[in-house]
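Participant: Submitted below is the structure of interest, expressed as structure tokens.
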Amino acid sequence: MCSTGDGAAIAHAVLRHLADTLRCRTLFSTHYHMLADEHAAHPAVKNFHMGCQVRAAADGAAQQVTFLYQLTPGACPKSYGVNVARLAGLPPSVLRAAAATAAAAARDAAGELRDEERAVLSELFAAVDGGGGGGGGAGAAAAALGPLHARANAL
């Protein structure tokens with residue numbers, strides 16, 4: 001299992017323990033949307049998210065998100081990670097690559113990827129998750145991403 005799967009499993013177990021065993025008041029924050037879905041009907045769990053305004057970007061390439069710092073009932077309807085990265089000042093080339101990877105992952109989850117696209121996406125996630133497969137950490141992952149990004153763009 002990749003680290004994302006491990007993280008989701010740990011978050012699920014912790015939330016279940018807090019809600020069913022400890023039954024305490026807790027603020028539990030997660031980016032795992034499936035947890036919100038799985039626990040939406042749980043009598044001891046209430047879903048909230050930070051509200052935001054979403055509008056088309058001036059360049060038409062991405063959405064612009066303004067976080068309102070308002071606690072809003074319900075689960076967040078989607079992930080805004082690429083927008084958070086933009087606010088953090090990551091370079092536009094990184095943001096474009098991240099947006100393309102996120103879109104491909106969503107298409108994969110919906111069963112819409114071709115086999116060759118799925119292979120590149122799997123290699124990309126393995127490079128990021130395992131440091132490029134050579135145990136070299138972030139540097140090895142970064143070195144592996146360039147050719148994978150080029151292959152993905154060629155599809």
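The values are calculated or read from the model by the stated rules, or taken from the named source; none is laboratory data. Values in this document were obtained by computation on a predicted structure and should not be read as measured data. When we count neighbours, we look across all protein chains shown, and the Cβ atoms used for this are built from the backbone with ideal geometry, even at glycine.
Participant: Out of Arg23, Arg16, report the one residue that is exposed (fewer than 13 other Cβ atoms within 10 Å of the Cβ) and farther than 17 Å from Pro73 by Cβ.
Facilitator: So the residue among Arg23, Arg16 that is exposed (fewer than 13 other Cβ atoms within 10 Å of the Cβ) and farther than 17 Å from Pro73 by Cβ is Arg23.
Participant: While we're on this one: Could you check how many residues of region 1-37 are part of a helix (DSSP H, G or I) and more than 19 Å from Ala106 (Cβ to Cβ)?
Facilitator: Looking only at that region, the number is 16.
Participant: Can you find a residue in region 26-35 that is exposed (fewer than 11 other Cβ atoms within 10 Å of the Cβ), not assigned by TED's automatic domain parsing to the domain that holds Leu121 and not hydrophobic (A, V, I, L, M, F, W, C)?
Facilitator: Within region 26-35, one or more residues are exposed (fewer than 11 other Cβ atoms within 10 Å of the Cβ), not assigned by TED's automatic domain parsing to the domain that holds Leu121 and not hydrophobic (A, V, I, L, M, F, W, C).
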